[in-house]
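Data block below; observations after.
Read-outs throughout are calculated quantities, based only on the coordinates presented, and are distinct from any laboratory measurement. Only a predicted model underlies this, so the values are computations on that prediction, with no experimental measurement involved. No Cβ is skipped: glycine too gets one built from the backbone with ideal geometry, and neighbour counts run over all protein chains shown.
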Amino acid sequence: MGACSAPSLDRRPGARFLAALALWAAASTACAEAPMAIAHLKVGPHPLKVEVAATESQRSRGLMFRKQLGRDDGMLFIFDDPGYYAMWMKNTLIPLSVAFLDGDGVILNVLDMQPQTLDAHAAAGPARYAIETNLGWFAAHKVKAGEKVTGLPARR
């Protein structure tokens, strides 16, 4: 009697599929880790360099896991539509202040936020933008509700 053997399979299609999958995974990781755009704003007369979080993924991550933020640096969140948005500090290691802005760049309110908390910090009105900076940045520059932010990038 002859020995049983498994049928011969052409392994090349499987290898091609795995190679394509590996390339897709590498490209997805590269896109996910791509740096955010940078914008230079004026908050009243004060310059502020911000990373721009314009996608859902970027807004969800925000400043999580950062250990520091430059003195005059921050993050600008651009929302798709005006709304009563709120921020929290889950997985955020540094204390921050947040300013919510309307569609014209006018500051609606400024709130201080402590690291690693789940407290909701909400906009006082329909916001189109939010800016997070180091805790106390707005107070140190005497920036309050009603002031205008210029240099905002065009909305999508």
**Message:** Between ASP72 and ALA124, what's the calculated FRET efficiency when r is the beta-carbon distance and R0 is 25 Å? Round to 0.05.
**Reply:** 0.50
**Message:** Between SER57 and LYS148, how high is the FRET efficiency from 1/(1 + (r/R0)^6) when r is the Cβ-Cβ distance and R₀ = 30 Å? Nearest 0.05.
**Reply:** 0.55
**Request:** Go through 134-144, 35-45 and give me the packing order, highest mean Cβ count within 10 Å leading.
**Result:** 134-144, 35-45
**Item:** Out-of-range pairs (alpha-carbon distance over 25 Å; input LYS90/LYS148; LYS90/LYS142; LYS42/LYS142; LYS49/LYS142; LYS49/LYS148)
**Value:** LYS90/LYS148; LYS90/LYS142
**Asked** Going by the alpha-carbon gyration tensor, a ≥ b ≥ c the square roots of its eigenvalues, is segment 37-150 rounded (a/c under 1.5) or, if a/c is not under 1.5, prolate (a/b greater than b/c) versus oblate?
**Response** rounded
